[in-house]
Amino acid sequence: MKKLLIIALLLVGVGAVAFTLYNNKQEMNEAATLAMKSSEYISVTVEKVEEKTVNRNFEANGVFEPSQELKLMSETSGAITKIQRRKGDYVRKGDLLVQIDDRLLRADYTIAKLNRDQAEKDLKRFENLAATDAITKKQLEENENAFKIADAQLAALKKRLDDTQVTAPIAGFINEDYYELGTLVSPGMPLADIINKNPLKLSVNVTESEIAKVNKGDEVAVRVNAMSNEEFTGKVHFISDKADGSFKYQVELIMNSKNQDQIKPGMFGTAQFKFSQEEKVLKIDRKSIAGSLKNPGVYLIKDGVAVYQSVKINPLDDGSVEILEGLKAGDEVIASGLINVKEGTKVKVQ
């Protein structure tokens, strides 16, 4: 009997809670419905599209790069017997860096040269005999082929012998070396990194609207982040014809300042593109744009209703955007309350 009483009390309690929750939900729904009925419009503010003067100056950040940079590889195998240049040394094109053991190759080269010289003598003798019909045409052809084979073998050994003298293919500084006396090297093994920073380059990326204002040969002021008190200049020598994945174009500047030796490849720099002319454009605040910058649009008000209008824009540095297509001077666009606005929403200007 006691257990039945406890179960009955529990059922009564659960029922009371369920009834209370149901009543609360009904009250909330009625309140929401009442609020929707009482709010016939969304309060917004508007902004007028105005023609304003803008300066087309802009800056672009980038990294300084050497004009040439390569990793020198070994083309032969053997032990290093002599070192002529080390890391940090400046080398001219053709300077010897290291010598690889060439004793066996020199012996093979001597034998190949003797064979080639003998084949040449034999060929000349057979050519003289052929002129008097003392030998057959086949014998002459065999000696001609023997000479060609000996000559090719000598040329191949000459190339292998030259490869034992590792020389600098470009002028510049040895930024890193990977050898010591006695090091055994093999074809494809890295020996040194060489960089040529004369001239030094600054590579930056600019937007679609900015690239139209840049021309080859333009003199551009350059600021080096690590040397804020120094002034540098560069000249535009390359402009890419195709944008990258972020829709930006590459611009390369050749540095031409007298004091640029202190700039190191890998440092960050800023190209300051400055233009004397100012232009008048249609502008609105960036906050008045609905959607993303890739698919921008605005809301106009017609007969108290929000109407979506797609536009083409160009973002500006001051937090505003330039209107390229879709609006004209004097148009009013919704500036605030956009989070609650969609096509056909009733609105009222505060």
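The values are calculated or read from the model by the stated rules, or taken from the named source; none is laboratory data. It should be emphasised that the depicted structure is a prediction, and the values quoted were computed from it without experimental measurement. Please note: Cβ atoms are built from the backbone with ideal geometry, for glycine as well, and neighbour counts cover all protein chains shown. Please note that ligands, DNA and RNA were not included when accessible areas were found on the heavy atoms of the full protein model with its side chains. Shrake-Rupley method; radii C 1.70, N 1.55, O 1.52, S 1.80 Å.
With the requirement that a residue be more than 14 Å from the chain's Cα centre (by Cα) and either closer than 19 Å to Asn57 by Cα or part of a strand (DSSP E or B) (or both), what does the stretch 239-263 give you?
Leu253, Ile254, Met255
Look at Phe247 and say whether it is open to solvent by 50 Å² or more (accessible area, probe 1.4 Å) and either of a type in the set (Phe, Trp, Tyr) or on the phi > 0 side of the Ramachandran plot (or both).
Considered against the rule, which asks whether it is open to solvent by 50 Å² or more (accessible area, probe 1.4 Å) and either of a type in the set (Phe, Trp, Tyr) or on the phi > 0 side of the Ramachandran plot (or both), Phe247 comes out as yes.
Does Lys235 qualify as being part of a loop (DSSP other than H, G, I, E, B), closer than 18 Å to Gly62 by Cβ and open to solvent by 80 Å² or more (accessible area, probe 1.4 Å)?
Criteria not met by Lys235.
Filter the stretch 217-232 down to the residues that are among the polar types (S, T, N, Q) and outside any strand (DSSP E or B) and list them by number.
Asn225
Need the failing condition index for Ala119 against (1) out of contact with any strand residue (DSSP E or B) (no Cβ under 8 Å at 6 or more places or on another chain); (2) touching a residue at least 24 places away in the same chain (Cβ under 8 Å); (3) loosely packed, with under 13 Cβ neighbours inside 10 Å, just the number.
Of (1) out of contact with any strand residue (DSSP E or B) (no Cβ under 8 Å at 6 or more places or on another chain); (2) touching a residue at least 24 places away in the same chain (Cβ under 8 Å); (3) loosely packed, with under 13 Cβ neighbours inside 10 Å, only one is false for Ala119: (3).
Given the structure, is Ile135 over 30 Å from Pro66 (Cβ atoms) and either open to solvent by less than 40 Å² (accessible area, probe 1.4 Å) or under 39 Å from the mean Cα position of the chain (by Cα) (or both)?
yes
I want to confirm something. Restricting to the stretch 53-80 and keeping residues that are more than 30 Å from Glu180 (Cβ to Cβ) and outside any strand (DSSP E or B), which single residue is least open to solvent (accessible area, probe 1.4 Å)?
Checking each candidate, the answer is Arg56.
On the given criteria, is Thr136 among the hydroxyl-bearing types (Ser, Thr, Tyr) and over 19 Å from Ser74 (Cα atoms)?
For Thr136, the condition - among the hydroxyl-bearing types (Ser, Thr, Tyr) and over 19 Å from Ser74 (Cα atoms) - is met.
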